[in-house]
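Heads up, the thing below is written out as structure tokens.
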Amino acid sequence: MLKQPARLGLLLIVSAGVSPAQQTLPNPQVTVIRSGKLVDVDAGRVLTNQMLLVRGGKIEAVGENLPVPAGATVIDLSKMTVLPGLIDCHTHLADAGDDEPLHVLQRTSAETAYAAIPNARLTLLAGFTTVRDVGVYRAFNDVALRDAIAKGIVIGPRMFVAGAYITISEGAGAMTGLALDMQLPWDLHYGEANSPWEVRQKVRQLAHRGADHIKILSTGAVLTHGSNPKSIEFTPEELQAAVDEARNFGLRVEAHAHAAEGIKNAIRAGVASVEHATLIDDEGIALAKEHGTYLDMDIYDEECIQEGAKENKMPADFLEHDRDLGEIQRRNFTKAVRAGVKMSFGTDAGVCPHGINARQFAFMVKYGMTPMQAIQSATKNAADLLGKSDLLGSIQPGKYADIIAVSGDPLENIRVLENVKFVMKEGKVYKQEP
Ligand SMILES: [Zn+2]
């Protein structure tokens with residue numbers, strides 16, 4: 001729980017000059033944070049000795065020597081570096097998370113939902129105050145988890161969810177590998193569509209049922225039985241239908257794509273981001289730059305796929321799909337960064353265990369980003385990709401008080417982000433360690 005250091009409490013009383021009655025009644029709505037260093041991701045610089053005034057879940061003011069309102073709670077982070085809450089643009093919090101997707105058939109929908117609760121908590125406590133969750137096998141488990149978090153029933157990050165995968169039958173987002181005579185329940189094949197009009201129907205249904213964005217699978221996948229990441233699945237017409245129909249509802253589309261042609265089809269159709277972008281070629285990089293498409297490249301999770309292989313937990317066909325792709329994706333990440341393509345931070349959490357999302361930062365730096373660019377990908381850029389720059393992504397007056405802190409300077413050692421000491425979401429403190 002929140003502890004108010006005695007020294008700062010005294011300072012508060014002296015500087016605020018209020019009556020004793022006011023001093024003994026802390027105002028739970030108002031918090032003042034003293035930061036040592038503060039990462040200003042908008043300007044790409046680090047500020048010192050800033051104070052943050054938080055009121056009612058939002059940041060009200062940022063600056064040196066702000067007056068401390070009567071009854072405010074003061075949090076001393078003067079020995080830490082303060083950053084905006086991190087955003088992971090590619091998570092799967094609402095699935096149980098298993099190397100073998102068919103295991104979903106051994107759990108009821110309710111069991112899957114309960115199993116997802118720790119995923120949400122681990123993600124928030126790791127400093128990720130917002131996620132863009134990009135699909136579930138059990139349709140709408142993500143909508144339910146998002147709403148449970150928003151109501152305070154479950155502890156977790158603010159979620160923006162897809163509702164289901166839009167996939168071709170037997171495609172990358174389908175539950176495959178079953179005997180032909182097996183009948184799936186409705187929620188395990190909800191997002192299947194096989195023409196532009198079926199795609200439009202799915203988008204309409206998902207929008208009606210509370211999706212915040214649309215996830216479409218443009219190519220085959222690594223972690224799907226009977227799939228080939230190098231194959232094209234949806235046609236350009238189907239991808240275009242998804243983007244056009246989503247736009248009618250004010251929604252953006254993200255496309256899973258490994259194969260170069262599938263990536264380009266998605267960019268030309270106007271998706272907001274390409275997920276994985278594994279085999280992107282030079283033309284694809286140029287197209288992404290031209291269209292302002294974000295690449296959301298999960299360049300850490302190869303480590304977890306290989307770990308799963310060592311422990312014999314990863315299905316053999318998945319490892320066959322994955323061969324060489326990890327290294328190629330990392331090389332293409334470097335190319336895309338050098339070309340100046342817009343990059344967001346997405347880990348595919350669920351492939352790796354939830355809560356270690358920040359390990360990807362060191363890989364992003366290793367493969368060509370500056371530490372500031374890596375931090376911006378998970379803050380400013382991620383908020384832009386979500387279309388929520390007015391509320392998220394930096395520490396500015398008017399935005400949500402999503403604030404984290406780490407010991408040390410992440411611009412000198414990006415790995416300090418793997419050990420977040422302080423987490424505030426919408427003005428509420430969830431973690432505070434010395
Ligand atoms: Zn994914």
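Below, the figures for the structure above:
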{"read-out": "Pairs of alpha carbons in region 237-358 whose separation is greater than 16 Å (percent)", "value": "62 percent"}
{"read-out": "Rounded percent of accessible protein surface that carbon and sulfur make up, the chain, 1.4 Å probe", "value": "51 percent"}
{"read-out": "Dipole moment magnitude, nearest 20 debye, the chain about Cα centre, only Lys, Arg, Asp, Glu C-beta charged", "value": "1960 debye"}
{"read-out": "Share, in percent, of DSSP beta bridges within the chain that are antiparallel, nearest 5", "value": "45 percent"}
{"read-out": "Mean separation of Cα contacts under 8 Å (6+ apart) over length of region 237-376, as relative contact order %", "value": "21 percent"}
{"read-out": "Selected from H225, H291, H258 as most flexible by GNM, with the chain as the system and alpha-carbon contacts under 10 Å", "value": "H291"}
{"read-out": "Per-q log10 I(q)/I(0), region 101-234, q = 0.12, 0.13, 0.21 Å⁻¹ (Debye; single scatterer per alpha-carbon; no solvent)", "value": "-0.48, -0.57, -1.29"}
{"read-out": "Normalised contact order of the chain, rounded percent, pairs of Cα under 8 Å and 6 or more residues apart", "value": "18 percent"}
{"read-out": "Partners for K399 among aspartates and glutamates (Cα-Cα distance below 14 Å; same-chain residues under 8 apart left out)", "value": "D40, D42, E60, D384, D390, E426"}
{"read-out": "All lysines inside 28 Å of K230 as judged from Cα atoms, apart from same-chain residues fewer than 8 positions distant", "value": "K202, K215, K264, K289, K310, K313, K335, K342, K366"}
{"read-out": "GNM result for the chain, Cα springs below 10 Å: residue of I395, I117, I214 fluctuating most strongly", "value": "I117"}
{"read-out": "Point-to-point label distance, D317-Q183, nm (Cα→Cβ direction, 7 Å offset)", "value": "2.4 nm"}
{"read-out": "Of every Cα-Cα pair in region 311-434, the percent that sits beyond 22 Å", "value": "45 percent"}
{"read-out": "Gaussian network model of the chain, Cα within-10 Å springs - most flexible of G57, G220, G171", "value": "G57"}
{"read-out": "Å² of accessible area per residue within the chain, as computed with a 1.4 Å probe and no ligands counted", "value": "41 Å²"}
{"read-out": "Taking only Cα atoms of region 44-103, radius of gyration then Dmax in Å", "value": "18.8, 57"}
{"read-out": "For the chain, Cys with no neighbouring Cys Cβ under 4.7 Å", "value": "C89"}
{"read-out": "Among V365, L295, A241 - extreme Cα towards positive end, dipole of the chain, charges at beta-carbon", "value": "V365"}
{"read-out": "Where the Cα pairs of the chain fall when distances are cut into 20 Å bins, in %", "value": "27, 55, 17, 2"}
{"read-out": "Region 126-277, relative contact order [Cα under 8 Å, separation at least 6], %", "value": "20 percent"}
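The values are calculated or read from the model by the stated rules, or taken from the named source; none is laboratory data. None of the values given here were measured: they were computed from a predicted structure. Because the Cβ atoms are built from the backbone with ideal geometry, glycine has one as well, and the counts that use them run over all protein chains shown. Heads up: the accessible areas ignore ligands, DNA and RNA and are worked out on the full protein's heavy atoms, side chains in. Shrake-Rupley method; radii C 1.70, N 1.55, O 1.52, S 1.80 Å.
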